[in-house]
Amino acid sequence: MILCKWEKIAGLLNPSNPTTRTLSPQCIQNLINESEEEQEKVRNALIEGLLERPNILDKREFVQVNQAMFIRLMDKIYSYSQKDELDDSISNVYHIIISHLKNTLNFIEDFFSNYFDRNEKIPATCFAAAVEELCKRHQILYEALESNTTIDRKLKNIISNNFIRFCNPKVRSATYNELIYQRDLLNELLGERTLESEAFIREVLFYLNFNDRDYVAYLNNKLTSLIESLPTKAEKISALRFEQKNINQTAVKLNCCLCCSMPSLKDQMNRWIEEEIKFLEAAVVCEKPQAIDEADDKIQTSLSVAKLALLIRLMVMDKIITNRVVAPVLRIVARIFTTLQKENIAFGSLETKYHNPDRGTISAVKDMLFRWVNILNKL
């Protein structure tokens, strides 16, 4: 009943109706005036209808039924406006009436926001305008991503492909929530610091629950590469636990996701990590302990502690070794090197000789370096 007048106007303006082409300018203007007046009448009818319904469920149903009817009517008139060889005056009246319907639908969304169904499809005319805006902003994002050489090409493609799919001309519509998500994603990605690094992009994608199948596969491949670079299963498990901790501590926006039919990004990553850890832990249990020859775990040299310490100091001064703190380097050297006289080097002895090399050691190392030069000349 609320849309009765607009339904009647839409019927008169149906391009398949032979009388539509014969409408006089005065008749067209009368239809526009009727549509203009109908806006206020419909708004009052909607408010009265809501007040007559004390039950919240009834209010929600009343608003959402009218919302769906407005969208259907807007789509019908929009489809009329897409017909070929339309008279300019008829095409103009379509756009004016769609504008009146859109204003009223916006009123419903603003005034009855608690009951408005954002899982309902957007009117085709609104979606077309929204896609045009998204395409412009996506172009800005695309150029910003292309200018940053530190971001992985695969990640750039995943982000761009998401917007390309959404803005595909073959996609005729989307829900309000889907459009809101894409707008929020663009706003976050175009934030002040987001595109500075892949880490910032990852924070945004986890925050907005970007549970895209390709992005999940991309993260899984990154984790696979990480653990394959580690030598022991214990280190692999530790690395996975650390990544899982970081994922679970990442902030997430409530009731937000790219794809409602898929588990959240966090859930998918946690499931993959847990399965990988179970596999590695089972492999650790099955492995038989092997006898370890400690001598094979060390680099054996014919140097003295003093010569070894001086060689390490030369590499630090020449910035071959770039660690900021020397003490951890010396501890590693003491643990993995042997000297002519000792299987186990005392850290304190190595540190003392590092900071206070004696003249005899300096002279001996000079001779050794000259020998190295001669050896190099023969290579």
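If neighbour count is taken as other Cβ atoms inside 10 Å, put LYS366, LYS170 in order from fewest to most.
Ranking LYS366, LYS170 by Cβ neighbours within 10 Å, fewest first, gives LYS170, LYS366.
To test your reading of the geometry: what angle, between 0 and 90 degrees and rounded to tens, separates the Cα axis of helix 233-248 from the longest principal axis of the chain?
Helix 233-248 sits roughly 30 degrees off the main axis of the chain.
Counting pairs of Cα atoms in segment 190-285, how many percent are more than 23 Å apart? Intermediate results must be reported in sequence, preceding the final value.
Numbers: 1317 of 4560 pairs.
Of all Cα-Cα distances in segment 190-285, 29 percent exceed 23 Å.
Strictly over 29 Å apart at the Cα level, which of LYS319/LYS378; LYS136/LYS245; LYS102/LYS154; LYS102/LYS156; LYS83/LYS136; LYS222/LYS278 would you flag in this model?
The answer is LYS136/LYS245; LYS102/LYS154; LYS102/LYS156.
With charges set only on the Cβ (+1 for Lys and Arg, -1 for Asp and Glu), what does the dipole of the chain come to about its Cα centre, in debye to the nearest 20?
Roughly 1740 debye for the chain.
Compute the helix-to-body angle for 124-147: its Cα long axis versus the longest principal axis of the chain, expressed 0 to 90° and rounded to tens.
20 degrees
Nearest 0.05, what FRET efficiency do ALA283 and ASP58 give at R0 = 35 Å with Cβ-Cβ as r?
Using R0 = 35 Å, I get an efficiency of 0.05.
What do you get for the angle between helix 25-51 and the principal long axis of the chain? Use alpha-carbon atoms, 0 to 90 degrees, nearest ten.
It works out to around 70 degrees.
Choose one of ILE277, VAL316, CYS256: the residue whose Cα lies farthest towards the positive end of the charge dipole of segment 229-379 (beta-carbon charges +1 Lys, Arg; -1 Asp, Glu; about the Cα centre).
VAL316
From the C-alpha coordinates alone, can you work out the Kirkwood hydrodynamic radius of segment 127-286, in Å?
On the way: mean 1/r = 0.0585 Å⁻¹.
Computed over Cα pairs of segment 127-286, the Kirkwood hydrodynamic radius comes out at 17.1 Å.
So what's the Cα pair-distance distribution over segment 295-378, bin width 5 Å, in %?
3, 14, 23, 24, 20, 11, 3, 0
Give, as a single signed number, the net charge of other residues whose beta carbon lies under 14 Å from the beta carbon of GLU351, with Lys and Arg counted +1 and Asp and Glu -1.
Summing Lys and Arg as +1 and Asp and Glu as -1 gives +4.
Could I get the Rg over Rh figure for the chain? Both from C-alpha atoms, Rh via Kirkwood, rounded to two places.
Dividing the radius of gyration by the Kirkwood radius yields 1.27.
With 10 angstrom as the radius, rank LEU73, LEU340 by how many other C-beta atoms surround their C-beta, starting from the fewest.
So the ranking, lowest neighbour count to highest, is LEU340, LEU73.
Compute for segment 134-226: radius of gyration divided by Kirkwood radius, i.e. Rg/Rh, restricted to C-alpha atoms, rounded to two decimals.
0.95
Arrange the following residues from fewest to most other Cβ atoms within 10 Å of their Cβ: ARG359, ARG313.
If I rank by nearby Cβ atoms, fewest first, I get ARG359, ARG313.
Can you tell me which aspartates and glutamates have their Cα less than 17 Å from the Cα of LYS76? Leave out same-chain residues fewer than eight positions away.
Those aspartates and glutamates meeting the cut-off are GLU7, ASP84, GLU120.
Which values, in whole Å and largest first, are the semi-axes of the equivalent ellipsoid of segment 102-167 obtained as the square root of 5 times each eigenvalue of the Cα gyration tensor?
Working: eigenvalues 223, 30, 21 Å².
Listed largest to smallest, the semi-axes of segment 102-167 are 33, 12, 10 Å.
Which of the trypsin sites (Lys or Arg not before Pro) across segment 53-118 are loop residues per DSSP, with 15 or fewer other Cβ within 10 Å?
LYS83, ARG118
Restricting to Cα pairs below 8 Å that are 6+ residues apart, what does the relative contact order work out to for the chain? Please round to a whole percent.
For the chain, the relative contact order is 11 percent.
Taking the convex hull of the alpha carbon atoms in segment 4-117, what volume per residue do you get, in Å³?
Normalising the Cα hull of segment 4-117 by residue number yields 88 Å³.
Calculate, in nm to one decimal, what LYS366 and MET262 gain on full extension: separation in residues at 0.36 nm each, minus their alpha carbon distance.
So the extension gain works out to 30.7 nm.
Using 0.36 nm times the number of residues separating GLN249 and GLN300, minus their current alpha carbon distance, what extension gain do you get? Before the final figure, lay out each step's value.
Values: separation 51, 0.36 × 51 = 18.36 nm, distance 4.51 nm.
Full-extension gain reported as 13.9 nm.
No lab work stands behind these numbers, since they all come straight from the coordinates. Because the structure is a prediction, the values reported are computed rather than measured. In this analysis, Cβ positions are derived from the backbone assuming ideal geometry, glycine residues included, and neighbour counts consider all displayed protein chains.
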